[in-house]
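Each value in this text was obtained by applying a stated rule to the coordinates, not by laboratory testing. Small disclaimer: the values here were computed from a predicted structure and weren't measured. FYI the Cβ positions are ideal-geometry reconstructions off the backbone, even for glycines, and counts take in every protein chain you see.
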Amino acid sequence: MAQIDAFFKLMNDEGASDLHMVADQQPVLRIRGDMERVKFKVMKNDELKAMLYEVCPEAKIKVFEETGDIDFGYEIPGLARYRCNFFNQKNGIGAVFREIPSDILSVEQLGLPKVISRLAHLPKGLVLVTGPTGHGKSTTLAAIVDEANRTRKDHILTIEDPIEFVHQSNQCIINHREVGTHTKGFSQALRGALREDPDIIMVGEMRDLETMTLAMEAAMTGHLVFGTLHTLNAMKTVDRAIEMFPAHQQAQVRSTLADALRAVVSQTLFKRIDVKGRVAALEILIATPAVRNMIREAKTYQIISVMQTGKKYGMATMDDAIMGLLDKRMISPDDAYSNSIDKSKFVKYLRKPPSDFTEV
């Protein structure tokens, strides 16, 4: 048993999402969004480095010492998996560990809208799950993949950096590939995937133009492709996907994306005020013919009006989702205001002026 496993056990017991360990500071847990220090001694750089290296593969240690940062996965059987990031900083080594639960929760258990389950049954196309870092994109994707695994008879291929949720083959065959261990990069893995007879491809992150190009190509050639982007809402997601490309290619990319896209799910996590825990607000865009025409014609600014009137398709705007949680008294007015798009809808719920004076 590695020395750091005790911190992972504490992390699990406290319901923390992240563990921060930095030279010359006490360990810190992120619990329901807040940072809380652990009552433990301050470790010097050499002491902390020895503890961290105990759980790091030798090949990754070599890369870290050459480059100054790495990502890898670590698992404690029966407890959880951890997405690990090591980095160098002013006082020495630092590390952040994100807990990935061993049990994969279903769409129903997560309390997500029913339309999210239906995404797992699409025959082909591109589905993007977006949102800020640490707001549950991987958890939502895992629930969708689990739905497909339980109900379809297909080949599912995941490409991640590192592997997070581990799915056991059920009705489907599932293969997990890790960037840096099983393949050099997302684009290389996607290029190879097209020769590996997949029906569903899950790409952990759309980081660059080549990855986005190959993902759209796979979606256009009969595959169902899921991927993530770090964008705040559906409209900005569409714009970001197009803006990855040089200006002279964007007209063609708009046409391709319009044909390939099936849905965008953008989510933000909130701290609950009624019970301990967190809850997600989801903006959902379904690529109806009207939406596809807007993408082709560079009228993405009109997408918001389609989402407002598209509830029968399962669509919802972020503000409507946040208002629903606020009406149920699950989240605070301050959090609702901070994360909303149209602030004017939420300012009346505040008891005092907003803390972000730049939004006023």
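Screening the chain for whole DSSP H helices with an alpha carbon extent of at least 30 angstrom along the helix axis and a mean Kyte-Doolittle hydropathy of at least 0.0 yields nothing. Annotation for segment 1-73: chymotrypsin sites (Phe, Trp or Tyr not before Pro) lying in DSSP loop with at most 16 further Cβ atoms inside 10 Å of their Cβ are F40. Residue order for E66, E196, fewest other beta carbons within 10 angstrom first, comes to E66, E196.
Taken as Cα centroids, segment 220-258 and segment 5-38 sit 36 Å apart, rounded to the nearest whole angstrom. Each residue in S332, S340 was given a count of other beta-carbon atoms within 10 angstrom of its own, and listing them fewest first yields S332, S340. Taken one residue at a time, the phi angles of segment 25-32 give Karplus couplings (6.51, -1.76, 1.60, θ = phi - 60°) of 9, 5, x, 10, 9, 9, 10, 6 Hz. Gly and Pro are set to x.
Across segment 200-225, the residues whose backbone nitrogen lies under 19 Å from the label position 7 Å along the beta-carbon direction of S169 are 200-202.
Shown is the FRET efficiency for E243 and Q25, computed with R0 = 25 Å from the Cβ-Cβ distance and rounded to the nearest 0.05: 0.05.
The calculated Kirkwood hydrodynamic radius for segment 207-360 is 16.9 Å, given to one decimal from all distinct C-alpha pairs. For segment 5-100, the convex hull spanned by the alpha carbon atoms encloses 94 Å³ per residue.
Taking all Cα pairs closer than 8 Å and separated by 6 or more residues, the relative contact order of segment 107-348 comes to 19 percent.
Relative contact order for segment 5-100: 27 percent, from Cα pairs under 8 Å spaced at least 6 residues apart, divided by residue count. Calculated [222 nm] ellipticity per residue, helices only, for the chain: -10000 deg cm²/dmol; basis is -39500 (n - 2.57) per DSSP H run with n ≥ 4, divided by all residues, nearest 500.
Comparing mean-square fluctuations of N91, N175, N149 from a GNM of the chain with C-alpha springs under 10 Å, the top value falls on N91. Between F40, F87, P77, the Cα set farthest toward the positive side of the dipole of segment 5-100 (charges on each charged residue's Cβ, about the Cα centre) is that of F40.
Structural descriptor for segment 83-193: relative contact order 20 percent, calculated from alpha carbon pairs under 8 angstrom and at least 6 residues apart. Here the spin labels are modelled as points 7 Å beyond Cα on the Cα-Cβ line, and at N91 and A59 they lie 3.4 nm apart. Each of E147, E36 was scored by other Cβ atoms within 10 Å of its Cβ. Listed from fewest to most, they are E36, E147. Beta bridges from DSSP with both residues in the chain: antiparallel share about 60 percent, rounded to the nearest 5.
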